[in-house]
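S.K.: Below are the structure tokens for one structure; questions will follow.
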Protein chains: 2
Amino acid sequence: MPKYNARIYVTLKPSILDPQGRTVERALSHLNHNNVGGVRIGKYIELSLSGERADVEAQLKDITENVLSNPIMEDARWELAEA
Amino acid sequence: MPKYNARIYVTLKPSILDPQGRTVERALSHLNHNNVGGVRIGKYIELSLSGERADVEAQLKDITENVLSNPIMEDARWELAEA
């Protein structure tokens, strides 16, 4: 069966406050990086799957939306590449 | 001054155990996603910077290596795009 590598990116929706990002931004400002703004911290997930491409795509969509992200607060996107 | 958007990806080095990834993998297996393996969980950070390209690149390298990641345990890479 073909093998695939997936990369999943989960980010907070733009309207949701990101206190972790704000903290990093403040820390950077104290380190004299005053030209840095808009820090948002998300998740980056790598995994591998085996199966037929169409099945794997449907499965990855399901996993991304129902297990790895919270669609109320987060956006998620994924990339799939043959291993 | 030109503005740039940066994306930074921080992942655990391959030799470092990833208990969070293992937990997700086990959860997926319990949900009948038995063809999924090698789950690794990293960080995805977005930020914006202003300045000249060469300065911004040097600054981003410094921030990525010294603030946003721990080079002992983590690999980090970044992308820069004009805003």
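Quick grid of which residues meet (1) closer than 16 Å to A:L68 by Cβ; (2) outside any helix (DSSP H, G or I); (3) facing another protein chain (nearest Cβ under 7 Å); (4) in contact with a Ser or Thr (Cβ under 8 Å, 6 or more places away or on another chain):
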site	(1), (2), (3), (4)
B:L28	yes, no, yes, no
B:G42	yes, yes, yes, yes
B:Q59	no, no, yes, no
B:I63	no, no, yes, no
B:I72	no, yes, no, no
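S.K.: Hey, another quick one. In the set B:Y44, B:Y9, which member is closer than 27 Å to A:S50 by Cα, without any contact (Cβ under 8 Å) to a residue 40 or more places away in the chain and aromatic (F, W, Y)?
M.R.: B:Y44
S.K.: Output yes when any residue across segment B:12-35 is in contact with a strand residue (DSSP E or B) (Cβ under 9 Å, 6 or more places away or on another chain), under 25 Å from A:L17 (Cβ atoms) and crowded, with 16+ Cβ neighbours inside 10 Å, and no when none is.
M.R.: No, segment B:12-35 has no match at all.
S.K.: Among what's in segment A:1-11 and is within 14 Å of the chain's Cα centre (by Cα) and more than 8 Å from chain B (Cβ to nearest Cβ), pick the residue that is surrounded by the fewest Cβ atoms within 10 Å (Cβ to Cβ).
M.R.: Across segment A:1-11, the extreme among qualifying residues is A:R7.
S.K.: When you check A:I45 against the structure, is it among the hydrophobic types (A, V, I, L, M, F, W, C), closer than 24 Å to B:G38 by Cα and under 17 Å from the mean Cα position of the chain (by Cα), yes or no?
M.R.: yes
Any read-out appearing in this document is the output of simple, stated calculations on the displayed coordinates, not a laboratory observation. These numbers were taken from a predicted model, which means no experiment stands behind them. Counting neighbours? That spans all protein chains shown, and the Cβs are built from the backbone with ideal geometry, glycine included.
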